[in-house]
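Have a look at the structure below, then the notes.
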Amino acid sequence: MIRVAVVDDHELFREGLVMVLNQMNDIEVNADFGSGQEFLKAIDDLDIDLVLMDINMEVMNGIETTQKLKAIKPEVKVIAVTMYTDDSYYLQMINAGAHGFVLKKAGKYELGQAIHEIHNGGNYFSQEILQKMALNAIAKPEETENKLSVREIEVLQLICKGHSTKEISEMLFLSHKTIEVHRSNILRKSGKKNVAQLVMWALKNNYATI
C-alpha cells in the first residue's frame with residue numbers, strides 16, 4: 001500500500017483528489033491539509049511515502065514546504081501539482097526536491113501512473129510541463145568535465161523515460177548494483193543532485209528528447 005498525503009489550499013480540488021486516490025486499490029490517503037504550515041506541523045506524526053504538493057499556495061508555497069519537508073523527512077517523495085504549464089517555479093521545485101510534476105487537469109490513470117513510477121524509484125513529468133521545461137532549458141549546453149560513456153548515456157535515456165533502477169536492470173540485463181553505479185557516475189559527472197535535475201540537464205545537452 002502506498003501511503004499518501006495531499007497538500008492543497010483549494011478545498012474542492014483537494015477533496016476531489018482525495019476521493020479519486022482512495023478509489024485506487026493500492027493507494028491510501030493518510031491525511032490532507034489546506035496549507036504547508038498545517039502539513040509541516042503534523043509531519044512528525046505522519047507515516048507516509050509520498051506527498052502530492054500544490055505549488056501555488058498562499059503564505060507558504062509548495063517550494064518552501066518541500067524544502068522544509070526534505071530537511072525533516074528526506075525519504076518522503078514529492079509530486080508537484082499545478083494547473084499551469086507556464087509556471088516559473090518548476091526549476092525551483094525540482095531544486096527543492098520534487099520527483100515529478102502532474103497537471104491538475106490530469107486524469108485518474110495519469111495520476112496513478114505518476115504515483116507508482118515515483119514510488120518505485122522513477123520520476124514522472126506531465127508531457128505539457130516537460131515540453132515547457134525543455135524549451136526553457138534550450139540554451140547553451142552545460143559543459144561537463146567527464147564525458148558520459150555509451151552505457152551511461154543508455155542508462156540516462158532510460159532514466160529520462162521514467163524507468164526505475166530495477167526496470168533498467170531488467171531491460172539491460174545488468175545487475176541492480178551495476179545500474180546504481182552508472183546512476184551515481186552520471187549524477188557526479190553532470191553535477192546534479194537528483195533525477196529531476198538530471199532530466200533537464202539531459203534535455204539541455206541533447207542526451208535525451210521528448
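The values are calculated or read from the model by the stated rules, or taken from the named source; none is laboratory data. Computed from a predicted structure; not experimentally measured. Heads up, the Cβs are rebuilt from the backbone with ideal geometry, glycines too, and the neighbour counts pull from every protein chain shown.
Quick look at the numbers
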read-out: Restricting segment 98-116 to residues that are under 14 Å from the mean Cα position of the chain (by Cα) and surrounded by fewer than 21 Cβ atoms within 10 Å (Cβ to Cβ), the residue that is nearest to E167 (Cα to Cα); value: H116
read-out: Residue match in segment 37-45 (condition: assigned to a loop (DSSP other than H, G, I, E, B), under 23 Å from I72 (Cβ atoms) and without any contact (Cβ under 8 Å) to a residue 60 or more places away in the chain); value: no
read-out: Positions within segment 77-104 being within 19 Å of L198 (Cα to Cα), among the aliphatic types (A, V, I, L, M) and either outside any helix (DSSP H, G or I) or not assigned by TED's automatic domain parsing to the domain that holds L17 (or both), in sequence order; value: V78, I79, A80, A98, V102
read-out: Filtered residues of segment 192-210 (kept if part of a helix (DSSP H, G or I) and charged (D, E, K, R)); value: K204
read-out: The one condition in (1) β-branched (V, I, T); (2) closer than 19 Å to A114 by Cβ; (3) surrounded by fewer than 21 Cβ atoms within 10 Å (Cβ to Cβ) that V51 fails to fulfil; value: (3)
